[in-house]
Amino acid sequence: MADFEPKIIVFLCNWCSYGGGDLAGVNREQYPSNVLGIKVMCSSRVSPEHIMESFVDGADGVLVTGCHPGDCHYIDGNYKTIRKIDMFTKILEDFGIDPKRIRLEWISSAEGNKYARVMTEMTEEIRELGPLNLKDEVE
Amino acid sequence: MSDKLKIGFYWCAACGGCEISVLDIDEMILDVVELADIVFWPCAMDPKYEDLRAMEDGSIDVIFINGSIRSTENEEMVKLLREKSKKVVAYGSCSSIGGLFGLGNLYSKEELLEYGYNTPSTEEGGVIPAENSKVPEGELHLPPLLHHVRSLDEIIEVDIYLPGCPPLPNQLKEGLPLILEGKVGKYDLVSQKSVCDECPLEREEKKIPRLYPIQEMMLDPERCILDQGVLCMGPATAGMCEAPCPSVGHPCIGCNGPVRGVKDQGARMASALASVLGVEGEERMEESEIIDVVKSVRDPTGSFYRFSLPKSYLRYKRRDIHG
Ligand code: SF4
Ligand code: SF4
Ligand code: SF4
Ligand code: FES
(Lines give C-alpha, C1' and ligand atoms only; values in the text may rest on other atoms or scores of the structure.)
(Ligands and ions follow the chains in the order given, each with its own letter.)
Protein backbone atom coordinates (compact mmCIF):
# COMPACT_ATOMS: atom_id res chain seq x y z
CA MET A 1 0.00 0.00 0.00
CA ALA A 2 3.10 2.19 0.05
CA ASP A 3 2.27 3.99 -3.16
CA PHE A 4 -1.39 4.59 -2.33
CA GLU A 5 -2.31 8.26 -2.63
CA PRO A 6 -5.69 8.93 -1.01
CA LYS A 7 -8.25 11.06 -2.80
CA ILE A 8 -10.06 13.31 -0.37
CA ILE A 9 -12.95 15.63 -1.09
CA VAL A 10 -13.20 18.59 1.25
CA PHE A 11 -16.30 20.76 1.34
CA LEU A 12 -15.44 24.30 2.39
CA CYS A 13 -18.01 26.74 3.68
CA ASN A 14 -17.68 30.06 1.94
CA TRP A 15 -17.71 32.24 5.04
CA CYS A 16 -15.14 30.57 7.27
CA SER A 17 -13.28 27.49 6.15
CA TYR A 18 -12.67 28.66 2.63
CA GLY A 19 -11.01 31.72 4.15
CA GLY A 20 -8.99 29.41 6.37
CA GLY A 21 -7.76 27.56 3.31
CA ASP A 22 -6.94 30.84 1.63
CA LEU A 23 -4.96 31.97 4.63
CA ALA A 24 -3.07 28.68 4.72
CA GLY A 25 -2.03 29.45 1.15
CA VAL A 26 -1.02 33.03 1.88
CA ASN A 27 0.98 31.88 4.89
CA ARG A 28 2.62 29.15 2.80
CA GLU A 29 1.52 26.41 5.17
CA GLN A 30 2.51 22.95 3.98
CA TYR A 31 -0.16 20.31 3.50
CA PRO A 32 -0.62 17.32 1.18
CA SER A 33 -2.04 17.77 -2.27
CA ASN A 34 -4.48 14.90 -1.79
CA VAL A 35 -7.39 17.13 -0.89
CA LEU A 36 -9.73 18.46 -3.52
CA GLY A 37 -11.73 21.43 -2.27
CA ILE A 38 -15.31 22.24 -3.19
CA LYS A 39 -16.71 25.57 -2.06
CA VAL A 40 -20.27 25.65 -0.72
CA MET A 41 -22.17 28.57 0.77
CA CYS A 42 -22.63 26.86 4.14
CA SER A 43 -21.64 23.50 5.63
CA SER A 44 -25.35 22.69 5.81
CA ARG A 45 -25.48 22.79 2.02
CA VAL A 46 -23.56 19.51 1.96
CA SER A 47 -26.10 16.73 1.86
CA PRO A 48 -25.54 13.04 2.51
CA GLU A 49 -26.20 12.61 -1.20
CA HIS A 50 -23.11 14.67 -2.03
CA ILE A 51 -21.06 12.55 0.33
CA MET A 52 -22.38 9.28 -1.10
CA GLU A 53 -21.69 10.47 -4.58
CA SER A 54 -18.15 11.45 -3.66
CA PHE A 55 -17.47 7.96 -2.35
CA VAL A 56 -19.09 6.23 -5.29
CA ASP A 57 -17.12 8.40 -7.70
CA GLY A 58 -13.82 7.42 -6.13
CA ALA A 59 -13.12 9.49 -3.02
CA ASP A 60 -11.39 7.61 -0.19
CA GLY A 61 -12.42 10.17 2.39
CA VAL A 62 -14.75 13.14 2.73
CA LEU A 63 -14.16 16.11 4.96
CA VAL A 64 -16.87 18.64 5.71
CA THR A 65 -15.77 21.95 7.16
CA GLY A 66 -17.69 24.93 8.47
CA CYS A 67 -17.76 27.88 10.82
CA HIS A 68 -17.39 27.22 14.54
CA PRO A 69 -20.70 26.69 16.40
CA GLY A 70 -22.29 30.07 16.93
CA ASP A 71 -20.48 31.62 13.95
CA CYS A 72 -22.50 30.23 11.03
CA HIS A 73 -23.38 32.98 8.59
CA TYR A 74 -26.87 31.52 8.37
CA ILE A 75 -27.19 31.24 12.15
CA ASP A 76 -28.02 27.55 12.61
CA GLY A 77 -26.65 25.90 9.47
CA ASN A 78 -23.80 24.19 11.23
CA TYR A 79 -26.10 22.74 13.91
CA LYS A 80 -27.93 20.99 11.14
CA THR A 81 -24.60 19.86 9.77
CA ILE A 82 -23.63 18.31 13.10
CA ARG A 83 -26.79 16.22 13.19
CA LYS A 84 -26.67 15.36 9.53
CA ILE A 85 -23.10 14.09 9.63
CA ASP A 86 -23.67 12.19 12.86
CA MET A 87 -26.79 10.43 11.56
CA PHE A 88 -25.18 9.75 8.26
CA THR A 89 -21.98 8.34 9.71
CA LYS A 90 -24.07 5.69 11.46
CA ILE A 91 -25.70 4.82 8.15
CA LEU A 92 -22.34 4.50 6.42
CA GLU A 93 -21.16 2.21 9.17
CA ASP A 94 -24.18 -0.06 8.63
CA PHE A 95 -23.15 -0.22 4.99
CA GLY A 96 -19.74 -1.42 6.08
CA ILE A 97 -17.88 1.82 5.40
CA ASP A 98 -15.28 2.82 7.98
CA PRO A 99 -16.61 5.88 9.85
CA LYS A 100 -13.10 7.38 9.85
CA ARG A 101 -13.59 8.10 6.17
CA ILE A 102 -15.89 10.96 7.02
CA ARG A 103 -14.95 13.85 9.24
CA LEU A 104 -16.44 17.18 10.30
CA GLU A 105 -14.19 20.08 11.34
CA TRP A 106 -14.73 23.71 12.26
CA ILE A 107 -12.15 25.99 10.66
CA SER A 108 -12.47 29.77 10.86
CA SER A 109 -10.99 32.15 8.32
CA ALA A 110 -8.25 32.99 10.83
CA GLU A 111 -7.19 29.37 11.22
CA GLY A 112 -4.85 28.79 8.31
CA ASN A 113 -2.67 26.61 10.49
CA LYS A 114 -5.60 24.47 11.60
CA TYR A 115 -6.59 24.09 7.98
CA ALA A 116 -3.15 22.73 7.08
CA ARG A 117 -3.09 20.48 10.15
CA VAL A 118 -6.53 18.97 9.49
CA MET A 119 -5.70 18.30 5.84
CA THR A 120 -2.48 16.58 6.83
CA GLU A 121 -4.12 14.50 9.57
CA MET A 122 -6.98 13.43 7.36
CA THR A 123 -4.64 12.44 4.54
CA GLU A 124 -2.50 10.35 6.88
CA GLU A 125 -5.52 8.71 8.47
CA ILE A 126 -6.96 7.73 5.12
CA ARG A 127 -3.59 6.56 3.89
CA GLU A 128 -3.55 4.19 6.84
CA LEU A 129 -7.05 2.90 6.07
CA GLY A 130 -6.14 2.21 2.47
CA PRO A 131 -8.30 2.76 -0.59
CA LEU A 132 -12.08 2.56 -0.40
CA ASN A 133 -12.89 0.00 -2.99
CA LEU A 134 -16.51 0.26 -4.04
CA LYS A 135 -16.11 -1.69 -7.24
CA ASP A 136 -18.76 -4.33 -7.47
CA GLU A 137 -18.04 -7.61 -5.81
CA VAL A 138 -18.48 -10.55 -8.16
CA GLU A 139 -21.25 -13.06 -7.70
CA MET B 1 -56.53 -14.49 -33.30
CA SER B 2 -57.84 -11.34 -31.71
CA ASP B 3 -55.90 -8.15 -32.15
CA LYS B 4 -56.01 -7.45 -28.44
CA LEU B 5 -52.81 -6.69 -26.58
CA LYS B 6 -51.02 -9.67 -25.09
CA ILE B 7 -49.92 -9.11 -21.53
CA GLY B 8 -48.35 -11.18 -18.80
CA PHE B 9 -47.47 -11.10 -15.12
CA TYR B 10 -44.46 -12.63 -13.44
CA TRP B 11 -43.18 -12.75 -9.89
CA CYS B 12 -39.60 -13.05 -8.76
CA ALA B 13 -38.65 -12.88 -5.07
CA ALA B 14 -42.06 -11.58 -4.03
CA CYS B 15 -44.51 -11.75 -1.17
CA GLY B 16 -47.53 -12.24 -3.40
CA GLY B 17 -48.99 -8.85 -2.53
CA CYS B 18 -48.29 -7.44 -5.96
CA GLU B 19 -50.15 -10.32 -7.61
CA ILE B 20 -53.15 -9.71 -5.36
CA SER B 21 -53.02 -5.97 -6.00
CA VAL B 22 -53.91 -6.58 -9.65
CA LEU B 23 -57.28 -7.88 -8.46
CA ASP B 24 -57.71 -4.91 -6.14
CA ILE B 25 -58.87 -2.70 -8.98
CA ASP B 26 -62.35 -4.25 -8.76
CA GLU B 27 -64.50 -3.93 -11.84
CA MET B 28 -61.73 -2.16 -13.70
CA ILE B 29 -60.22 -5.58 -14.28
CA LEU B 30 -63.00 -5.95 -16.88
CA ASP B 31 -61.64 -2.94 -18.78
CA VAL B 32 -58.20 -4.52 -18.70
CA VAL B 33 -59.54 -7.80 -20.05
CA GLU B 34 -61.36 -5.80 -22.71
CA LEU B 35 -58.07 -4.32 -23.86
CA ALA B 36 -55.78 -7.27 -23.35
CA ASP B 37 -55.43 -11.04 -23.27
CA ILE B 38 -53.37 -12.45 -20.42
CA VAL B 39 -51.01 -14.92 -22.06
CA PHE B 40 -48.60 -15.63 -19.21
CA TRP B 41 -49.36 -15.59 -15.47
CA PRO B 42 -47.77 -18.35 -13.39
CA CYS B 43 -49.67 -17.33 -10.26
CA ALA B 44 -52.97 -18.14 -11.97
CA MET B 45 -52.20 -20.34 -14.96
CA ASP B 46 -49.35 -22.79 -14.23
CA PRO B 47 -47.27 -22.52 -17.40
CA LYS B 48 -43.87 -24.27 -17.55
CA TYR B 49 -40.46 -22.86 -18.45
CA GLU B 50 -40.72 -24.65 -21.81
CA ASP B 51 -43.98 -22.88 -22.62
CA LEU B 52 -42.28 -19.53 -22.26
CA ARG B 53 -39.20 -20.62 -24.20
CA ALA B 54 -41.46 -21.78 -27.01
CA MET B 55 -43.05 -18.34 -27.38
CA GLU B 56 -41.82 -16.14 -30.16
CA ASP B 57 -39.52 -13.26 -29.25
CA GLY B 58 -41.44 -10.05 -28.70
CA SER B 59 -44.76 -11.86 -28.63
CA ILE B 60 -45.84 -10.46 -25.26
CA ASP B 61 -46.76 -6.78 -25.63
CA VAL B 62 -46.43 -5.83 -21.99
CA ILE B 63 -45.00 -7.93 -19.17
CA PHE B 64 -45.52 -6.81 -15.58
CA ILE B 65 -42.72 -8.14 -13.40
CA ASN B 66 -42.93 -7.92 -9.61
CA GLY B 67 -40.58 -9.06 -6.86
CA SER B 68 -36.87 -8.56 -6.26
CA ILE B 69 -34.08 -10.39 -8.02
CA ARG B 70 -32.73 -12.74 -5.36
CA SER B 71 -31.81 -16.03 -7.06
CA THR B 72 -30.28 -17.20 -10.31
CA GLU B 73 -33.72 -18.43 -11.32
CA ASN B 74 -35.14 -14.90 -11.04
CA GLU B 75 -32.25 -13.67 -13.11
CA GLU B 76 -32.68 -16.25 -15.88
CA MET B 77 -36.43 -15.81 -16.03
CA VAL B 78 -36.38 -12.04 -16.40
CA LYS B 79 -33.76 -12.25 -19.12
CA LEU B 80 -36.01 -14.67 -20.96
CA LEU B 81 -39.05 -12.49 -20.38
CA ARG B 82 -37.16 -9.50 -21.74
CA GLU B 83 -36.61 -11.37 -25.00
CA LYS B 84 -40.23 -12.40 -25.22
CA SER B 85 -41.68 -8.97 -24.44
CA LYS B 86 -41.91 -5.62 -26.15
CA LYS B 87 -42.36 -3.66 -22.94
CA VAL B 88 -41.24 -4.46 -19.42
CA VAL B 89 -42.96 -2.83 -16.46
CA ALA B 90 -41.15 -2.99 -13.11
CA TYR B 91 -44.28 -3.52 -11.05
CA GLY B 92 -44.12 -2.70 -7.35
CA SER B 93 -41.27 -1.55 -5.17
CA CYS B 94 -39.39 -4.86 -5.03
CA SER B 95 -38.98 -4.80 -8.75
CA SER B 96 -38.50 -1.09 -9.32
CA ILE B 97 -36.36 -0.16 -6.32
CA GLY B 98 -35.32 -3.48 -4.78
CA GLY B 99 -37.99 -3.57 -2.10
CA LEU B 100 -38.31 -4.74 1.46
CA PHE B 101 -36.18 -7.84 0.95
CA GLY B 102 -33.35 -5.51 0.04
CA LEU B 103 -32.71 -4.94 3.74
CA GLY B 104 -31.06 -8.36 3.56
CA ASN B 105 -28.27 -6.61 1.70
CA LEU B 106 -26.95 -5.39 5.04
CA TYR B 107 -25.83 -8.99 5.64
CA SER B 108 -23.96 -11.52 3.57
CA LYS B 109 -25.85 -14.35 1.95
CA GLU B 110 -24.08 -16.79 4.28
CA GLU B 111 -25.18 -14.83 7.34
CA LEU B 112 -28.75 -14.82 6.09
CA LEU B 113 -28.83 -18.55 5.50
CA GLU B 114 -27.27 -19.19 8.88
CA TYR B 115 -29.84 -16.95 10.56
CA GLY B 116 -32.71 -18.42 8.62
CA TYR B 117 -31.87 -22.06 9.15
CA ASN B 118 -29.72 -22.29 12.20
CA THR B 119 -31.25 -20.24 14.98
CA PRO B 120 -33.35 -21.66 17.83
CA SER B 121 -36.52 -20.51 16.09
CA THR B 122 -36.00 -22.86 13.17
CA GLU B 123 -37.08 -26.44 13.55
CA GLU B 124 -34.58 -28.16 11.29
CA GLY B 125 -31.71 -26.93 13.44
CA GLY B 126 -28.79 -26.26 11.22
CA VAL B 127 -29.81 -27.95 7.97
CA ILE B 128 -29.15 -25.47 5.21
CA PRO B 129 -30.83 -26.50 1.95
CA ALA B 130 -28.28 -27.87 -0.50
CA GLU B 131 -28.17 -26.57 -4.04
CA ASN B 132 -28.09 -30.14 -5.32
CA SER B 133 -29.46 -33.18 -3.52
CA LYS B 134 -30.18 -36.76 -4.44
CA VAL B 135 -33.57 -38.23 -3.65
CA PRO B 136 -34.98 -41.65 -4.69
CA GLU B 137 -36.74 -40.00 -7.64
CA GLY B 138 -33.55 -38.41 -8.98
CA GLU B 139 -31.53 -35.25 -8.49
CA LEU B 140 -33.04 -32.02 -7.15
CA HIS B 141 -31.63 -28.62 -7.91
CA LEU B 142 -32.34 -25.41 -6.00
CA PRO B 143 -31.34 -22.16 -7.68
CA PRO B 144 -28.66 -20.49 -5.53
CA LEU B 145 -29.15 -17.07 -3.98
CA LEU B 146 -27.31 -14.19 -5.58
CA HIS B 147 -24.71 -12.32 -3.55
CA HIS B 148 -27.24 -9.56 -2.92
CA VAL B 149 -30.82 -8.53 -3.73
CA ARG B 150 -31.18 -6.51 -6.91
CA SER B 151 -33.76 -4.37 -8.57
CA LEU B 152 -35.01 -5.51 -11.96
CA ASP B 153 -33.12 -2.85 -13.90
CA GLU B 154 -29.80 -4.20 -12.67
CA ILE B 155 -30.50 -7.28 -14.78
CA ILE B 156 -32.55 -6.14 -17.77
CA GLU B 157 -33.72 -2.93 -19.31
CA VAL B 158 -36.96 -1.62 -17.82
CA ASP B 159 -39.39 0.47 -19.88
CA ILE B 160 -41.74 1.69 -17.15
CA TYR B 161 -41.39 1.96 -13.37
CA LEU B 162 -44.44 1.59 -11.17
CA PRO B 163 -43.43 1.64 -7.49
CA GLY B 164 -45.59 0.87 -4.46
CA CYS B 165 -45.70 -1.99 -2.00
CA PRO B 166 -47.92 -2.97 -3.61
CA PRO B 167 -49.13 -0.34 -6.10
CA LEU B 168 -52.51 0.85 -4.78
CA PRO B 169 -55.82 0.78 -6.67
CA ASN B 170 -55.71 4.55 -7.20
CA GLN B 171 -52.19 4.30 -8.64
CA LEU B 172 -53.30 1.42 -10.87
CA LYS B 173 -56.52 3.08 -12.01
CA GLU B 174 -54.46 5.99 -13.18
CA GLY B 175 -51.49 4.02 -14.44
CA LEU B 176 -52.77 0.80 -15.99
CA PRO B 177 -54.81 2.28 -18.85
CA LEU B 178 -51.94 4.62 -19.71
CA ILE B 179 -49.47 1.75 -19.75
CA LEU B 180 -51.69 -0.39 -21.95
CA GLU B 181 -52.34 2.48 -24.34
CA GLY B 182 -48.62 3.16 -24.51
CA LYS B 183 -48.98 6.67 -23.16
CA VAL B 184 -46.42 6.73 -20.35
CA GLY B 185 -42.68 7.25 -20.34
CA LYS B 186 -40.18 5.46 -18.15
CA TYR B 187 -40.55 7.55 -15.01
CA ASP B 188 -43.98 9.10 -15.54
CA LEU B 189 -45.53 6.93 -12.83
CA VAL B 190 -42.90 7.86 -10.25
CA SER B 191 -44.25 10.97 -8.62
CA GLN B 192 -42.28 14.21 -8.51
CA LYS B 193 -44.30 15.15 -5.45
CA SER B 194 -43.57 13.77 -2.03
CA VAL B 195 -46.09 12.07 0.25
CA CYS B 196 -46.00 15.26 2.37
CA ASP B 197 -47.28 17.19 -0.65
CA GLU B 198 -50.34 14.94 -0.72
CA CYS B 199 -50.79 14.56 3.03
CA PRO B 200 -53.89 16.21 4.55
CA LEU B 201 -52.39 16.55 8.03
CA GLU B 202 -51.54 19.95 9.40
CA ARG B 203 -47.91 20.93 9.55
CA GLU B 204 -46.24 23.58 11.66
CA GLU B 205 -42.84 25.09 11.11
CA LYS B 206 -41.20 23.99 14.29
CA LYS B 207 -38.25 22.10 15.64
CA ILE B 208 -38.69 18.53 16.73
CA PRO B 209 -36.74 17.98 19.95
CA ARG B 210 -36.68 14.18 19.76
CA LEU B 211 -38.36 11.18 18.18
CA TYR B 212 -40.45 8.60 19.99
CA PRO B 213 -41.47 5.04 19.11
CA ILE B 214 -45.02 5.18 17.79
CA GLN B 215 -46.33 2.89 20.51
CA GLU B 216 -45.38 5.45 23.15
CA MET B 217 -47.44 8.21 21.60
CA MET B 218 -51.10 9.16 21.54
CA LEU B 219 -51.13 10.82 18.15
CA ASP B 220 -53.42 13.70 17.35
CA PRO B 221 -55.10 12.56 14.11
CA GLU B 222 -55.22 16.08 12.69
CA ARG B 223 -51.55 17.02 13.05
CA CYS B 224 -48.45 16.02 11.12
CA ILE B 225 -47.03 12.83 12.59
CA LEU B 226 -43.42 13.93 12.27
CA ASP B 227 -44.20 17.23 14.02
CA GLN B 228 -45.52 15.14 16.90
CA GLY B 229 -42.21 13.35 17.18
CA VAL B 230 -42.80 10.06 15.36
CA LEU B 231 -40.66 9.22 12.35
CA CYS B 232 -42.57 9.63 9.10
CA MET B 233 -40.89 9.04 5.75
CA GLY B 234 -43.24 11.41 3.91
CA PRO B 235 -40.61 14.09 3.15
CA ALA B 236 -38.35 11.65 1.27
CA THR B 237 -40.98 9.44 -0.38
CA ALA B 238 -42.70 9.71 -3.74
CA GLY B 239 -46.42 10.35 -3.62
CA MET B 240 -49.19 9.31 -6.02
CA CYS B 241 -50.53 6.95 -3.35
CA GLU B 242 -52.44 9.97 -1.97
CA ALA B 243 -50.91 9.49 1.48
CA PRO B 244 -53.26 6.78 2.75
CA CYS B 245 -51.05 5.93 5.72
CA PRO B 246 -50.69 9.30 7.45
CA SER B 247 -54.35 9.99 6.57
CA VAL B 248 -55.35 7.23 9.00
CA GLY B 249 -52.76 8.07 11.63
CA HIS B 250 -49.93 5.76 10.60
CA PRO B 251 -46.58 7.21 9.54
CA CYS B 252 -45.53 6.76 5.93
CA ILE B 253 -42.89 4.04 5.93
CA GLY B 254 -41.57 5.00 2.53
CA CYS B 255 -42.93 2.25 0.30
CA ASN B 256 -42.97 4.25 -2.94
CA GLY B 257 -39.25 4.92 -2.74
CA PRO B 258 -37.60 8.23 -3.59
CA VAL B 259 -39.32 10.94 -5.59
CA ARG B 260 -38.50 11.09 -9.28
CA GLY B 261 -34.96 12.22 -9.92
CA VAL B 262 -33.68 11.44 -6.43
CA LYS B 263 -31.23 8.56 -6.31
CA ASP B 264 -30.95 7.78 -2.63
CA GLN B 265 -34.04 7.86 -0.42
CA GLY B 266 -32.10 7.30 2.80
CA ALA B 267 -29.61 10.07 2.19
CA ARG B 268 -32.49 12.39 1.34
CA MET B 269 -34.31 11.48 4.54
CA ALA B 270 -31.19 12.00 6.66
CA SER B 271 -30.96 15.50 5.18
CA ALA B 272 -34.62 16.28 5.73
CA LEU B 273 -34.65 14.97 9.26
CA ALA B 274 -31.43 16.69 10.34
CA SER B 275 -32.99 19.98 9.28
CA VAL B 276 -36.14 19.64 11.37
CA LEU B 277 -34.68 18.01 14.45
CA GLY B 278 -33.39 20.36 17.09
CA VAL B 279 -34.09 22.18 20.28
CA GLU B 280 -34.66 25.81 21.04
CA GLY B 281 -31.63 27.58 22.45
CA GLU B 282 -29.11 25.16 20.94
CA GLU B 283 -26.77 28.08 20.25
CA ARG B 284 -25.74 27.82 23.87
CA MET B 285 -25.30 24.08 23.88
CA GLU B 286 -22.37 21.72 23.66
CA GLU B 287 -21.93 19.71 20.50
CA SER B 288 -22.63 16.51 22.41
CA GLU B 289 -26.02 17.85 23.51
CA ILE B 290 -26.88 18.79 19.95
CA ILE B 291 -26.07 15.31 18.79
CA ASP B 292 -28.20 13.78 21.56
CA VAL B 293 -31.32 14.42 19.49
CA VAL B 294 -29.98 12.10 16.81
CA LYS B 295 -29.80 9.22 19.27
CA SER B 296 -33.59 9.15 19.32
CA VAL B 297 -33.65 8.22 15.63
CA ARG B 298 -33.85 4.47 15.89
CA ASP B 299 -32.21 2.36 13.21
CA PRO B 300 -31.83 5.11 10.61
CA THR B 301 -30.52 2.71 7.98
CA GLY B 302 -33.37 0.23 8.34
CA SER B 303 -36.00 2.95 8.53
CA PHE B 304 -34.79 5.22 5.75
CA TYR B 305 -33.92 2.46 3.27
CA ARG B 306 -36.70 0.05 4.16
CA PHE B 307 -37.81 -0.28 0.52
CA SER B 308 -35.01 1.10 -1.59
CA LEU B 309 -31.71 -0.20 -0.29
CA PRO B 310 -30.75 -2.15 -3.46
CA LYS B 311 -31.11 1.02 -5.50
CA SER B 312 -29.29 3.33 -3.12
CA TYR B 313 -25.79 4.54 -3.89
CA LEU B 314 -24.14 1.74 -1.92
CA ARG B 315 -26.69 -1.06 -2.59
CA TYR B 316 -25.23 -3.64 -0.18
CA LYS B 317 -22.86 -3.95 2.73
CA ARG B 318 -19.24 -3.38 1.79
CA ARG B 319 -16.16 -4.84 3.41
CA ASP B 320 -14.31 -1.68 4.27
CA ILE B 321 -14.30 -2.18 8.04
CA HIS B 322 -11.78 -4.75 9.11
CA GLY B 323 -11.88 -6.34 12.56
S1 SF4 C 1 -43.53 -4.74 -3.71
FE2 SF4 C 1 -44.44 -5.24 -1.73
S3 SF4 C 1 -46.36 -6.25 -2.27
FE4 SF4 C 1 -45.06 -6.31 -4.10
S5 SF4 C 1 -43.96 -8.26 -3.96
FE6 SF4 C 1 -42.67 -6.71 -3.02
S7 SF4 C 1 -43.14 -6.86 -0.83
FE8 SF4 C 1 -44.81 -7.84 -1.94
S1 SF4 D 1 -47.54 13.23 8.57
FE2 SF4 D 1 -45.81 12.51 7.38
S3 SF4 D 1 -46.48 12.66 5.26
FE4 SF4 D 1 -47.88 13.94 6.47
S5 SF4 D 1 -46.97 15.98 6.41
FE6 SF4 D 1 -46.19 14.99 8.25
S7 SF4 D 1 -44.23 14.09 7.61
FE8 SF4 D 1 -45.38 14.55 5.74
S1 SF4 E 1 -48.07 6.85 2.54
FE2 SF4 E 1 -46.00 6.03 2.35
S3 SF4 E 1 -46.11 3.93 3.12
FE4 SF4 E 1 -48.22 4.64 2.72
S5 SF4 E 1 -48.67 3.96 0.62
FE6 SF4 E 1 -47.88 6.05 0.46
S7 SF4 E 1 -45.65 5.78 0.16
FE8 SF4 E 1 -46.44 3.85 0.91
S1 FES F 1 -21.82 29.56 6.83
FE2 FES F 1 -20.11 28.41 7.56
S3 FES F 1 -21.15 26.72 8.45
FE4 FES F 1 -22.83 27.93 7.82
TODO: At 1.4 Å probe size, with every protein chain present, just tell me what the per residue accessible area of chain B comes to in Å².
DONE: 50 Å²
Open item on the list: Quick check: convex hull over the Cα atoms of region B:13-147, volume per residue in Å³, rounded to an integer?
Closed with: 150 Å³
Task: When each of B:Lys186/B:Lys207; B:Lys79/B:Lys317; A:Lys90/B:Lys263; A:Lys100/B:Lys193 is checked by Cα-Cα distance, pairs over 31 Å - done: B:Lys186/B:Lys207; A:Lys100/B:Lys193
Task: Extreme residue, positive dipole direction of the protein assembly as shown, given options B:Ile291, B:Pro221, B:Gly138 (C-beta unit charges) - done: B:Ile291
Open item on the list: Based on DSSP loop calls and a cut-off of at most 15 other Cβ atoms within 10 Å, the longest stretch of chain B free of exposed GluC sites (Glu not before Pro) is what?
Closed with: B:57-122
Open item on the list: Compute, for the protein assembly as shown, the length of the dipole vector about the Cα centre, with Cβ point charges of +1 (Lys, Arg) and -1 (Asp, Glu) only. Units Debye, rounded to 20.
Closed with: 1000 debye
- [ ] Rank B:Gly164, B:Gly99, B:Gly249 by mean-square fluctuation in a GNM of chain B with C-alpha springs under 10 angstrom and give only the top-ranked residue.
- [x] B:Gly249
Task: Theoretical gain in end-to-end length, A:Ser33 to A:Asp3 [0.36 nm per residue, Cα-Cα removed] - done: 9.4 nm
Task: Computed magnitude of the charge dipole of region A:8-129 (debye, nearest 20; Cβ of K, R +1, Cβ of D, E -1) - done: 260 debye
- [ ] Work through the residues other than B:Val259 whose Cβ is under 11 Å from its Cβ and net out their charges, Lys, Arg +1 and Asp, Glu -1.
- [x] +3
TODO: Provide the buried accessible surface between chains A and B in square angstrom, both chains summed, 1.4 Å probe, rounded to the nearest 100.
DONE: 3500 Å²
Open item on the list: Give the list, by residue number, of cysteines in chain B with no other Cys Cβ closer than 4.7 Å, or say none.
Closed with: B:Cys12, B:Cys15, B:Cys18, B:Cys43, B:Cys94, B:Cys196, B:Cys199, B:Cys224, B:Cys232, B:Cys241, B:Cys245, B:Cys252
TODO: Using a 1.4 angstrom probe on the protein heavy atoms only, line up B:Lys193, A:Lys80, B:Lys84 by accessible area, largest first.
DONE: B:Lys193, A:Lys80, B:Lys84
- [ ] Determine ³J(HN,Hα), in whole Hz, for all residues of region B:193-209 in sequence, where each value follows from phi through the Karplus function 6.51 cos²θ - 1.76 cosθ + 1.60 and θ = phi - 60°; x replaces Gly and Pro.
- [x] 8, 8, 4, 4, 4, 9, 7, x, 6, 8, 10, 10, 8, 8, 7, 10, x
- [ ] Read phi for every residue in region A:34-43 and hand back ³J(HN,Hα) as whole Hz from Karplus 6.51 cos²θ - 1.76 cosθ + 1.60, θ = phi - 60°, with x for Gly and Pro.
- [x] 7, 8, 10, x, 10, 7, 10, 5, 8, 4
Open item on the list: Please check: in the Gaussian network model of chain A (C-alpha springs, under 10 Å), which one of A:Ile126, A:Ile38, A:Ile51 has the largest mean-square fluctuation.
Closed with: A:Ile38
Open item on the list: Cut-off 10 angstrom, C-alpha nodes, Gaussian network model of chain B. Which of B:Asp227, B:Asp31, B:Asp57 fluctuates the most?
Closed with: B:Asp31
Task: Distance (nanometres) between label positions extended 7 Å along Cα→Cβ at B:Met217 and B:Arg298 - done: 1.2 nm
TODO: Between the alpha-carbon centers of region B:271-287 and region B:77-91, tell me the distance in whole angstrom.
DONE: 48 Å
TODO: Enter the Cα centre distance for the pair region A:30-75 and region B:117-158, rounded to the nearest angstrom.
DONE: 43 Å
Task: Ranked order, B:Arg210, B:Arg284 - accessible area, probe 1.4 Å, largest first - done: B:Arg284, B:Arg210
- [ ] First select every other residue whose beta carbon is under 14 angstrom from the beta carbon of A:Asn113; then total the charges, Lys and Arg +1, Asp and Glu -1.
- [x] -2
Open item on the list: Test of the criteria: in region B:133-180, which trypsin sites (Lys or Arg not before Pro) are in a DSSP loop and have at most 12 other Cβ atoms within 10 angstrom of their Cβ?
Closed with: none
- [ ] Would you kindly find the accessible area of B:Asp24, with a 1.4 Å probe and non-protein molecules such as ligands, DNA and RNA excluded, rounding to the nearest 10 Å²?
- [x] 80 Å²
Open item on the list: Need one word for region B:195-311: rounded, prolate or oblate. Basis is the Cα gyration tensor (sqrt eigenvalues a ≥ b ≥ c); a/c below 1.5 gives rounded, then a/b vs b/c decides.
Closed with: oblate
Task: Helical contribution to [θ] at 222 nm, DSSP H n ≥ 4, -39,500 (n - 2.57), averaged over chain B, rounded to 500 - done: -8000 deg cm²/dmol
Task: Convex hull projection area averaged over all views, region A:1-86, Cα basis, nm² - done: 6.4 nm²
- [ ] For B:Tyr107, list long-range residues whose amide hydrogen, built 1.01 Å from N in the peptide plane, is under 5 Å from its own amide hydrogen.
- [x] B:Lys317
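The values are calculated or read from the model by the stated rules, or taken from the named source; none is laboratory data. Small disclaimer: the values here were computed from a predicted structure and weren't measured. Quick reminder, even Gly has a Cβ in these numbers, built from the backbone with ideal geometry, and neighbours come from all protein chains shown. Accessible surface areas use protein heavy atoms only, side chains included; no ligands, DNA or RNA. Shrake-Rupley method; radii C 1.70, N 1.55, O 1.52, S 1.80 Å.
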